[in-house]
Amino acid sequence: MTADFWAGYISGAAGILIGNPLDLLKTRLQAGSASSGVSITTASSASQSYRNQFEQAGTLLRGATAPILGYGALNALLFYTYNRSLLLLNQPFSSMVPQVDHRVLNSGGIDRLSITSSPPVPNLLQIWMAGALGGLATFIVSAPTELIKCRAQVAGPGSNTSSVSIARNIWKSEGVRGLYFGGCVTAIRDAIGYGFYFWSYELSMRSVSSQSDTEREKTWKILLCGGLAGIVTWASIFPLDVVKTRVQTQRYPYAQATSASEREGLLGFEQRSGQRDGGRRGALEIARLAYSAEGLPVFFRGLGVCSVRAFIVNSVQWFVYEWMVGVLL
């Protein structure tokens, strides 16, 4: 495998370790009060509800196993596919096929490509398209990883919530198809989101970078632009992510409820949303029911927490990526 593949893997795993506590809170806010048995809708109880999302120290890493293993692979596949897609998209605008020299390949795959002649610099539309293709390529990893992670994060504190046990239960009861439940909305989210991810990173880097930058200045600009790219990405897809979370966690908390109060709260949620025992609901119906019950703000619940997490995680992720590329080349 190439340097960008392994750098993507390591940076993805590092990002999950740093961001998982805030990701847990985001998921529970998106899934709604039914998922955790905690009310999060009133200002008077807001402070207590945020504390209640973390019942014990182990909760901070709940659901982290699947993303650490899966998101490392996802990030590796993302960067590998993005760089190659960008080269292919740029070929029609060049009189020759650019040849990559991995000794100088950077995260964006643009300003440090060593080639036999100089092709045109990819425009921002090409960058967005390459990012979207990279996002689609990650579907095979992201769909099951997100499903397992979300179900682990919303389950009650007394239930069997390890990523391995959840994956095993899904496999036994539903097979491979069960692991890809909610995969369609996940694929759409990833294609759009990663398109804006690389687009915003390259746009901001081109805006602030200078050939006279010192190594220290380059580091700070990578951290800044990586963080901004994370915020732009999540802002562009957050309503889709809310729907995805609710699709993948519907009915699951009820099966894992460990107390009478949890079961009562979850039954109340099903009655309010019109859900009864039977088949699961699709993304469009979930979105319609969420809007009917809670209005437009429901699609932005947790965006503040997510933005803070996105800036921190993606700053570190881009820095680790760039550093690892330099180490591996």
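Structural remarks
- In terms of Cα atoms, the Rg and Dmax of the stretch 151-242 work out to 19.3, 59 Å.
- When T27, T145 are compared by accessible area of protein heavy atoms, the largest-first order is T145, T27, using a 1.4 Å probe.
- Residue-level accessible surface for R309, protein heavy atoms, 1.4 Å, Å²: 20 Å²
- Solvent exposure, largest accessible area first (probe 1.4 Å, DNA, RNA and ligands not counted), of V242, V176: V176, V242
- Longest to shortest principal axis, alpha-carbon extents of the stretch 190-246, angstrom: 47, 15, 12
The values are calculated or read from the model by the stated rules, or taken from the named source; none is laboratory data. Remember, predicted model here, so these are calculated numbers, not experimental data. Ligands, DNA and RNA are stripped out before the accessible areas are found, and what is left, the full protein with its side chains, is counted by its heavy atoms. Shrake-Rupley method; radii C 1.70, N 1.55, O 1.52, S 1.80 Å.
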